[in-house]
Amino acid sequence: MSFLQEKDPEVFGIIERELERQNNGIEMIASENFTLPAVMEAMGSVFTNKYAEGYPQKRYYGGCDNADDIEQLAIDRAKELFNCEYVNVQPHSGSSANAAVYSAILKAGDKMLGMDLSHGGHLTHGAKVSFSGQNYHSFHYGVELDGRINYDRVLDIAKIVKPAVIVCGASAYSREIDFAKFREIANEVGALLMADIAHIAGLVVAGEHPHPFPHCDIVTTTTHKTLGGPRGGLIMTNDEELSKKINKAIFPGMQGGPLVHVIAAKAVGFRHNLQPEWKEYAKQVKANARVMGEVLVERGYDIVSGGTDNHLVLVSFLDKEFSGKDADLALGNAGITVNKNTVPGEKRSPFVTSGIRVGSAALTSRGMKEDEFRLIANRIADVLDDINNSEKQAEIKAELQELAKKFVIYNQPTY
Ligand code: DSN
C-alpha cells in the first residue's frame with residue numbers, strides 16, 4: 001500500500017481513476033504528453049520542501065547547496081540541449097515565462113506583434129483577454145486562406161506597427177516556422193524577436209524542426225508538450241544583458257521561491273531529450289501526424305494548410321453543419337480526447353469553434369506507430385461521418401480500449 005493510499009484514500013482513488021483514464025483512452029490533445037516515471041519521481045521528491053529564492057550561489061535562504069546543484073544541472077543540460085548560452089529554468093509555466101520576458105523587455109503600452117489566437121497563436125501572444133493584450137499595445141498577423149503564414153504580409157504589418165518585439169511561434173499551426181524570415185522582418189523594423197516554441201520544442205531539439213537560434217533574441221518554451229518532461233516553463237537567450245533582465249523579471253519580479261522539485265524533474269527530462277533515442281521519437285511523432293493528416297484528407301476532411309510538418313493537424317469544419325464542440329464531444333464518447341479549436345476564417349465563438357486540433361506526441365510516447373495512427377484516424381473519420389450515432393461511438397470506444405491496452409503507459413498511480 002502506498003503512503004497516499006493509506007493517508008488519503010479519497011485522493012488516491014481519484015488519481016487511480018485518472019490513471020485508468022490515461023491508460024484506457026486515446027489521448028490526442030496536441031499539447032499533452034506522457035512523461036517518464038523518473039520525471040514524476042523527481043517531482044515527488046524532498047525538493048518540494050525547499051525554499052530557494054534567487055539563483056545558484058546567490059540565494060536568499062540557507063541550506064541551498066543541493067538546490068544549487070540541481071538547478072545548475074538543469075541549466076547546464078538545457079544549455080546543451082538547446083545549444084544556447086543563458087537559460088532560466090524557474091518559470092512555473094509557459095505563460096509565466098512569456099510574461100517575464102515581456103516585463104524584461106517592454107514598458108506598459110509598448111507595441112508587440114504576435115500571431116492571432118484564432119489563427120493558431122497563443123493567449124500570451126497579445127490576445128486582448130490576456131495580460132499580454134491588456135498591458136501592452138498588441139497587434140497581430142495571421143495565416144492566409146491556404147492556412148500558412150505569408151511572411152511578406154507579416155513584414156507589411158510590422159512596417160506599419162513598428163513593434164518593440166515580434167513574437168513568433170504558435171499553439172495550433174501545423175507548418176514549419178521560418179525563424180530566419182522572422183529575423184529579417186525584425187531587423188527591418190528594429191524589433192526584438194522572441195520565439196515561443198512550446199509546441200515544437202521536442203522536435204527542435206531532435207533536429208526535426210528548424211532551430212530558433214541564432215535567429216531569435218529570446219526563446220521560451222514549456223517542458224511538458226512535445227518535450228515530454230514535467231509541467232513547467234523555460235527561457236533561453238544568447239545575450240548576456242537580456243539574460244540579466246530576464247532573471248530579474250522572474251525573480252524577484254514575478255515569482256518567489258522556485259519549484260525546486262520541478263526543476264529537478266526538468267533536469268531528468270532534459271537528460272532524456274539528450275539521448276540518441278529522442279531523435280527517433282521526434283521522427284515518429286512527425287510520421288504519425290503525417291499519416292493521420294493523409295487519412296483524414298482521404299476521408300474528405302479539410303485539414304488547415306492541407307497537411308502537417310509537425311506533431312499536429314488542425315481539422316476545419318467550416319464547411320460542415322457540426323461544430324468543433326460537437327466533434328470534441330462525439331470523439332470523447334468514442335474514447336478519443338482532442339480539443340475544439342478555432343480555425344482561420346472562424347465564424348463561431350471560441351466555446352463552440354469550427355475545428356479540432358489533433359496531436360500525435362502522447363500516443364507516440366506509448367509506442368504507437370503509423371499502423372495505429374492510420375486506424376485511429378479512420379475511426380476519427382467514422383465518428384465524424386455519423387456524428388450523432390452514439391451506438392457507433394460506443395463500439396469504437398470498446399475497440400480503441402483494446403488497442404490502448406496493448407500500449408500500457410503506467411502500471412501504478414504514484415511514484
Ligand atoms: N494550453 C496549451 C495548448 O493547448 O496549446 C497552450 O497554453
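From the square roots a ≥ b ≥ c of the eigenvalues of the alpha-carbon gyration tensor of the chain, which class results: rounded (a/c under 1.5), prolate (a/b over b/c), or oblate?
Working: a/c = 1.87, a/b = 1.12, b/c = 1.66.
It is oblate, given that a/c is not under 1.5 and a/b is not larger than b/c.
For the pair residue 38/residue 148, report the inter-label distance in nm, with labels modelled 7 Å from Cα in the Cβ direction.
So the two model labels end up 4.0 nm from each other.
Roll a 1.4 angstrom probe over the protein heavy atoms and tell me the percent of accessible area of the chain that is carbon or sulfur.
The nonpolar share, carbon plus sulfur, comes to 50 percent.
Sort the stretch 125-237 into rounded, prolate or oblate with this rule: let a ≥ b ≥ c be the square roots of the eigenvalues of the Cα gyration tensor; rounded if a/c is under 1.5, and if a/c is not under 1.5, prolate when a/b is larger than b/c, oblate otherwise. Walk me through the intermediate numbers first.
Details: a/c = 1.57, a/b = 1.36, b/c = 1.16.
Prolate, since a/c reaches 1.5 and a/b exceeds b/c.
Under 10 Å, Cα contacts only: if you run a Gaussian network model on the chain, which one of 102, 61, 173 comes out with the highest mean-square fluctuation?
Its mean-square fluctuation being the largest, the pick is 61.
Hey, in the GNM for the chain with a 10 angstrom Cα cutoff, which one of 265, 99, 361 fluctuates hardest?
Fluctuation is largest for 99.
Please give, to one decimal in nm, the separation of the simple spin-label points placed at residue 156 and residue 65, each 7 Å out from Cα toward the Cβ.
Modelled inter-label distance: 6.4 nm.
Pulled fully out, how much extra length does the chain show between residue 319 and residue 297, if you take 0.36 nm times their separation in residues and subtract their Cα-Cα distance?
Gain on extension, residue 319 to residue 297, equals 6.5 nm.
Quick check on the stretch 1-130: take the gyration tensor over C-alpha atoms, sort the square-rooted eigenvalues as a ≥ b ≥ c, and tell me if it's rounded (a/c under 1.5), prolate or oblate. Could the numbers behind the result be given before it?
Values: a/c = 2.08, a/b = 1.20, b/c = 1.74.
Cα axes put the stretch 1-130 in the oblate bin.
Below 8 Å between Cα atoms, with a sequence gap of 6+, how large is the relative contact order for the chain in percent? All intermediate terms of the calculation are to be shown ahead of the outcome.
Numbers: 848 pairs, mean separation 94.1, N = 415.
RCO, the chain: 23 percent.
Before I look further, what does the stretch 266-383 give for accessible area per residue, probe 1.4 Å, in whole square angstrom?
About 38 Å² of surface per residue is accessible.
Starting from 0.36 nm per residue, how many nanometres of slack lie between residue 29 and residue 93 once their C-alpha separation is accounted for? Show your work: numbers first, answer last.
Values: separation 64, 0.36 × 64 = 23.04 nm, distance 1.77 nm.
Here the answer is 21.3 nm.
If amide H atoms are built 1.01 Å from N in the plane of the peptide, which residues on other chains or at least 5 residues away come under 5 Å of the amide H of residue 196?
Hits under the 5 Å cutoff: 168, 169, 220.
Between residue 386 and residue 329, what is 0.36 nm times their sequence separation minus the Cα-Cα distance? Round to one decimal in nm. Could the numbers behind the result be given before it?
On the way: separation 57, 0.36 × 57 = 20.52 nm, distance 1.29 nm.
That pair, residue 386 and residue 329, stretches by 19.2 nm at full extension.
Do you know the Lys pair count in the stretch 69-204 for C-alpha distances under 24 Å, with sequence separation 8 or more or different chains?
Lysine pairs meeting the criterion: 11.
Order 151, 51, most accessible first, counting only protein heavy atoms with a 1.4 angstrom probe.
On the way: 151 35, 51 130 Å².
Heavy-atom accessible area, descending, gives 51, 151.
Tell me the label-point distance for the pair residue 58, residue 176, using the 7 Å Cα-to-Cβ offset, in nm and rounded to one decimal.
3.8 nm
Would you mind checking which residues have amide H under 5 Å from residue 112's amide H? H placed 1.01 Å from N; only 5 or more apart, or other chain.
Under 5 Å from the amide H of residue 112 lie the amide H atoms of 137, 138, 139, 164, each far enough along the sequence or on another chain.
The values are calculated or read from the model by the stated rules, or taken from the named source; none is laboratory data. Quantities reported herein were computed from a predicted structural model and do not represent experimental measurements. Neighbour counts are summed over all protein chains in view; Cβ atoms, including those assigned to glycine, are modelled from backbone coordinates with ideal geometry. Note: areas computed on protein heavy atoms with side chains; ligands, DNA, RNA excluded. Shrake-Rupley method; radii C 1.70, N 1.55, O 1.52, S 1.80 Å.
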